[in-house]
Amino acid sequence: MVITVTGQYVLKHADQITGVFKAVIGKKQRDHILLGDYNKDDAYKLTGGMHTDKGLEDFIKMGAQNNRPYTVKKNAAFIPGINTTEDILTQELPNGVTRVQLPRSGYNKDTKNIKIDGYQGVKTLFPKDWTNRDKLDAMDAVVTQNASRA
């Protein structure tokens, strides 16, 4: 079985999802994690999620379609507080995770939790070399860990 998320992002091995993850995470949650949530009433601004390169690519495309052409700057210093430029600033960490500071114009004004270490608009992306199976395993581990705390 292959699950198609938004018609573009295909998760292979979705039939192998088991345990707490399968019971708790549905299509909406997978879309949130992999591609992000957008407020269609606010020119498709990000409201949360988006933790993959594919999600970032879609974010850039939606920006261009809504008169927000973004420039990606790799290994850039983040801007303290809010990034008011039209640049998407990225930093690749030693573990392969990419941190991304999004321009303020790209996320919803009501989004309060898109920040890390005092930098507003920061998202983390799965390592580029991770397979879909690796991502599913990581999501399952998080859900399982959170379920055991409840």
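The values are calculated or read from the model by the stated rules, or taken from the named source; none is laboratory data. What you see is a predicted model, and the numbers here were worked out from it, not measured in a lab. Quick reminder, even Gly has a Cβ in these numbers, built from the backbone with ideal geometry, and neighbours come from all protein chains shown. Surface areas here come from the heavy atoms of the whole protein model, side chains and all, with no ligands, DNA or RNA. Shrake-Rupley method; radii C 1.70, N 1.55, O 1.52, S 1.80 Å.
Taking R0 as 22 Å, what FRET efficiency do you get between D134 and E57 from their Cβ-Cβ distance, rounded to the nearest 0.05?
0.70
Once the whole set of protein chains is in place, how much accessible area is left on I82, using a 1.4 Å probe, in Å² to the nearest 10?
We get 80 Å² for I82.
Which trypsin sites (Lys or Arg not before Pro) in region 53-150 sit in a loop by DSSP (not H, G, I, E or B) and have at most 15 other Cβ atoms within 10 Å of their own Cβ?
Answer in residue order: K74, K109, K112, K128.
Counting Lys +1, Arg +1, Asp -1, Glu -1, what net charge surrounds R99 among other residues with beta carbon under 11 Å of its beta carbon?
With Lys, Arg at +1 and Asp, Glu at -1, the neighbours total -1.
Determine the gain in length on full extension of the stretch V142-A77; use 0.36 nm per residue of separation and subtract their C-alpha separation, reporting nm with one decimal.
Extra length from V142 to A77 when fully extended: 20.5 nm.
Counting DSSP beta bridges with both partners in region 42-150, what percentage is antiparallel, nearest 5?
65
Once the Cβ-Cβ distance between E92 and D41 is put in as r, and R0 is 35 Å, what FRET efficiency do you end up with, to the nearest 0.05?
With a Förster radius of 35 Å, E is 0.55.
Over region 44-150, with the other protein chains present, what is the accessible area per residue in square angstrom, probe 1.4 angstrom?
On a per-residue basis, 53 Å².
Restricting things to alpha carbons, find the Rg to Rh ratio for region 42-150 using the Kirkwood radius for Rh.
Computed over Cα atoms, the ratio is 0.99.
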